[in-house]
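Here is the structure we will look at, set down as structure tokens.
The values are calculated or read from the model by the stated rules, or taken from the named source; none is laboratory data. Fair warning: this is a prediction, and the values are worked out from it, not measured in the lab. Methodologically, a virtual Cβ is constructed for each residue, glycine included, from the backbone with ideal geometry; neighbour enumeration extends over all protein chains shown.
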Amino acid sequence: MMTPLAPSRFSAFSRLGALVRKEFLQVVRDPSAILIAFVLPVILLFLFAYAVSLDIRKLPIGVVLESDSGSAQSLAAAFGATRYFRVTPARDRREVAPGVTAGLLRGFVVIPQDFEQRLASPGTAPLVQVITDGSAPNTANFVAAYTQGIVARWLANRGATRSAGIDVQSRVWFNQVVESRWFLVPGAIAIIMTMIGTLLTALVVAREWERGTMEALISTPARIVEILVGKLLPYFLLGLAATIGASLLAIHVFGVPFRGSWFALLLLSSAFMVPALGQGLVISAVARNQFVASQLALFTGFLPAFLLSGFLFEIDSMPAPIRLLSYVVPARYFIVSLQTAFLAGDVWALYLPNMLAMLVIGGLFFGIATLKTRKSLDI
């Protein structure tokens, strides 16, 4: 009974090998696939590393020095010496208020005329007044927070203590230099992987439907599973190669530390490629048209990965329905895992649940794709 099965197994592997070889040749001959896999990641990483930044540098503010005392002038100089602000000095707040109205300044700090008295009498009144442009709430919060930090450091350097109750000391873990690039670049790798896995797969398979070659494959003795695996394996390896290249760029060009292991990185990337490729298959099976497939990949793959994954916006601050929706976005689990691998190291207690979630979502996508891609030419 065993001998009849051997040729069948051999022919199945032979068919799968031929399909994989065909797809590899198609990838090599397709300039768009090479551009998406290797050129686009470099461009996006440079954009996210240099053009997109959550750091505040040289924020324009006014510093109104109403007091002529040496202490007041020393504090004003501290504002001018920081990298966070670009200071416009003034003697009266009426000189800088129009700049805030016109959007030329993000706010101004007033060092009052009775600064010495306030300094000598802790707790009676605040040392300075901060007025910010509330039309940009995040920037206004930055101005207020950085101002408090500058005043606190200035007081500490003078050995002054204005509050004897609680001593608050802050410590930044995993990103001691407080560079948003360290946070953005690992997340950008996940966005790139989403584009390679979902967009590239959706376009390539949809193009096969358009050209009629998918019908030719369906008419062969190869099973649906063999066809799908044969088409996806080259793009799976292409995605892993792009991950390695993007990670090397992040480490050696953008200076992002890598504290985890390459084994964990490749394992996480492999888990993420399952839902990414599966979603691309589902899109191509539904659309069967390159233009429609690209639009679906944009709206169901790239945008959710960009907006609902925690890459730029905190998930906890989103409304409850949107938070629930984010649980079906694979990039949510991949981004936090990548950031952990780069900045904290291997934390398997975090990795394993995230990989399981990605594999479950990917399994659902592959189940739908298998149902939609039948050995029939009916749509």
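A compact table of results
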| quantity | calculated |
| --- | --- |
| Positions within region 124-141 being within 10 Å of V100 (Cβ to Cβ) and at pLDDT 75 or above, in sequence order | I131, T132, D133 |
| Output for region 91-100, where each listed residue is closer than 11 Å to I61 by Cα and surrounded by fewer than 19 Cβ atoms within 10 Å (Cβ to Cβ) | A97 |
| Segments classed as helices (runs of 4 or more DSSP H), wholly inside region 294-369, with at least 1 members that are assigned by TED's automatic domain parsing to the domain that holds S284, within 30 Å of I251 (Cβ to Cβ) and in contact (Cβ under 8 Å) with a residue 24 or more places away in the chain | 303-307, 330-343 |
| Count - residues of region 45-63 that are modelled with pLDDT under 70 and not in a loop (DSSP other than H, G, I, E, B) | 5 |
| Output for region 196-228, where each listed residue is surrounded by fewer than 24 Cβ atoms within 10 Å (Cβ to Cβ) and closer than 27 Å to F313 by Cβ | L199 |
| Some residue of region 285-292 being of a type outside the set (V, I, T) and at pLDDT 85 or above | no |
| Those residues of region 272-285 which are out of contact with any Gly (no Cβ under 8 Å at 6 or more places or on another chain) and not hydroxyl-bearing (S, T, Y), in sequence order | L281, V282, A285 |
| G260 vs. criteria surrounded by fewer than 24 Cβ atoms within 10 Å (Cβ to Cβ), touching an Asp or Glu at 6+ places or on another chain (Cβ under 8 Å) and outside any helix (DSSP H, G or I) | yes |
| Among residues of region 84-123, those that are at pLDDT below 80 and part of a helix (DSSP H, G or I), counted | 1 |
| Region 230-258 residues that are without any contact (Cβ under 8 Å) to a residue 40 or more places away in the chain, paired with ones that are surrounded by 21 or more Cβ atoms within 10 Å (Cβ to Cβ) (beta carbon under 6 Å, 6 or more apart) | L240/S269 |
